[in-house]
Amino acid sequence: MYKLGPTGYPFEILCAEMFKSNGYKTKVSVIKKGKFVGHEVDVVAKRPDGDIYCECKFHNRKYYKNDVKIPLYVYARYLAKLSAQKYVISVVYL
C-alpha cells in the first residue's frame, strides 16, 4: 500500500476502482458547490440505490494518523453541500 507513492491521488484511483467493482460509476477529484465555496470530493460513486461521497486519507508512513479535526472538517463540508441542494441520498466518508 505504501508503494502507491508520496501523494494520495493513486489511492483515490484505487478507491474509485473498488467502488466500480461494486457497480458504481465513479469520478475522482470532483468539485462540488457548497453554499459559499466549492469543495473537493476525492471520490464520487453513484448507482441507482444511492450516492457516496468519499474523502480518502493516504499516509505513506506508518506513524501518520488522522485526528478529530479531519472528520469535523469533512462533516462541515457535508453540511455546506446539503445547504446548497435539496437532498443527498447518502453520504459515506472512508
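The values are calculated or read from the model by the stated rules, or taken from the named source; none is laboratory data. Owing to the predicted nature of the structure, the values given are computational and were not obtained by experimental measurement. Here Cβ is always computed from backbone atoms with ideal geometry, including for glycine, and neighbour counts include all displayed protein chains. In case anyone asks, the SASA skips ligands and DNA or RNA and just uses the protein heavy atoms, side chains included. Shrake-Rupley method; radii C 1.70, N 1.55, O 1.52, S 1.80 Å.
Before moving on, here are some points about what is shown:
- Filtered residues of the range 28-54 (kept if hydrophobic (A, V, I, L, M, F, W, C) and open to solvent by less than 50 Å² (accessible area, probe 1.4 Å)): Val28, Val30, Val41, Val43, Val44, Ala45, Ile52, Cys54
- In the range 4-27, residue farthest from Tyr64 (Cα to Cα) [restricted to those that are touching a strand residue (DSSP E or B) at 6+ places or on another chain (Cβ under 8 Å) and open to solvent by less than 40 Å² (accessible area, probe 1.4 Å)]: Tyr24
- Any chance Val28 is modelled with pLDDT of 75 or more and under 27 Å from Pro6 (Cα atoms): yes
- If you go through the range 13-36 and keep only what is in contact (Cβ under 8 Å) with a residue 40 or more places away in the chain and closer than 14 Å to Arg77 by Cβ, you end up with Lys32, Lys33, Gly34, Lys35, Phe36.
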